[in-house]
Amino acid sequence: MRVAALYDIHGNLPALEAVLADVRRAGVELVVVGGDVLPGPIPRECLEVLQGLSLPVHYLRGNGDRVVLSVVRGEMPDEVPAAFQEVVRWNAAQLTPAQCSAIAEWPMTIRHRVPGVGDVLFCHATPRSDIETITRRTDESKLANAIEAVQASLVVCGHTHMPYERTVGSVRVVNAGSVGMPFGAPGAYWLLL
């Protein structure tokens, strides 16, 4: 089974369309959207494209999605810097009620058994938080603490917009990078399992 992990799309429809063309060519059978479809410049259309895929799609809610939903409910989270509040408000106003209801149902983690890979835990940032930051340079003890209760052979995450791969004990941690807003070399990054 081929699984595509798409993270941090951030409303970038051209990047999403390019990645989905790659996904189709790769013969993917399942898509996991790892959070932060929002906020971004073309949010509603990105959701429509994802919802229209002929492949099975599983969604995770990232911190960006959570913040936009909070604004839909009339609350601006303290974590949103003043410079980004108008962008978040605009994104909230773009969504349909059906899209908001769907996003509200997205879980923080998903487990899936991938033949040839094993048990995989998909999360946005870490299994316990949608904002905790781990990178390729994170101290090994902090990383081990963040994934200690996982009980999976692989953790797939995003959030930092930078792809990397690390192993802590018997758990492999892979960051899928960012489809729509990579930090580093230009491109639209995604992960194939």
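The values are calculated or read from the model by the stated rules, or taken from the named source; none is laboratory data. Quick caveat: nothing in here was measured; it's all calculated off a predicted structure. Cβ sites come from the backbone with ideal geometry, for glycine too, and all protein chains shown count toward neighbours. Just the protein is used for accessible areas: all its heavy atoms, side chains included, with ligands, DNA and RNA removed. Shrake-Rupley method; radii C 1.70, N 1.55, O 1.52, S 1.80 Å.
Scan region 89-108 for residues that are over 9 Å from Leu47 (Cβ atoms), in a loop (DSSP other than H, G, I, E, B) and open to solvent by less than 70 Å² (accessible area, probe 1.4 Å) and the total you get is 2.
So in region 109-154, with the set limited to residues that are within 12 Å of the chain's Cα centre (by Cα), of a type in the set (A, V, I, L, M) and open to solvent by less than 40 Å² (accessible area, probe 1.4 Å), which one is nearest to Leu30 (Cα to Cα)? Checked region 109-154; the qualifying residue nearest to Leu30 (Cα to Cα) is Ile110. From the list Leu69, Leu53, the lone residue that is within 20 Å of the chain's Cα centre (by Cα), outside any helix (DSSP H, G or I) and without any contact (Cβ under 8 Å) to a residue 40 or more places away in the chain is Leu53.
Looking across region 78-88, the residues that are in a loop (DSSP other than H, G, I, E, B) and exposed (fewer than 14 other Cβ atoms within 10 Å of the Cβ) come down to Asp78, Glu79, Pro81. Within the option set Asp119, Asp130, being under 25 Å from Gly40 (Cβ atoms) and among the charged types (D, E, K, R) holds for one residue only, Asp130.
Being under 26 Å from Tyr164 (Cα atoms) and either at pLDDT 95 or above or open to solvent by 20 Å² or more (accessible area, probe 1.4 Å) (or both), is that true of even one residue in region 43-53? Yes, region 43-53 contains a residue that is under 26 Å from Tyr164 (Cα atoms) and either at pLDDT 95 or above or open to solvent by 20 Å² or more (accessible area, probe 1.4 Å) (or both).
Of everything listed in (1) surrounded by fewer than 19 Cβ atoms within 10 Å (Cβ to Cβ); (2) in a loop (DSSP other than H, G, I, E, B), the single unmet condition for Gly177 is (1).
Pairing residues of region 145-168 that are closer than 20 Å to Val3 by Cα with residues that are surrounded by fewer than 20 Cβ atoms within 10 Å (Cβ to Cβ) and basic (Lys, Arg), at Cβ distances under 6 Å and at least 6 apart in sequence or on separate chains, gives Leu154/Arg172; Tyr164/Arg136.
Pairing each residue of region 13-26 that is assigned to a loop (DSSP other than H, G, I, E, B) with any residue that is open to solvent by 30 Å² or more (accessible area, probe 1.4 Å) and of a type in the set (D, E, K, R), provided the two are 6+ apart or on different chains, yields C-beta distances under 9 Å for Ala26/Arg2.
Of the residues making up region 126-135, one or more are touching a strand residue (DSSP E or B) at 6+ places or on another chain (Cβ under 9 Å) and over 26 Å from Ser70 (Cα atoms).
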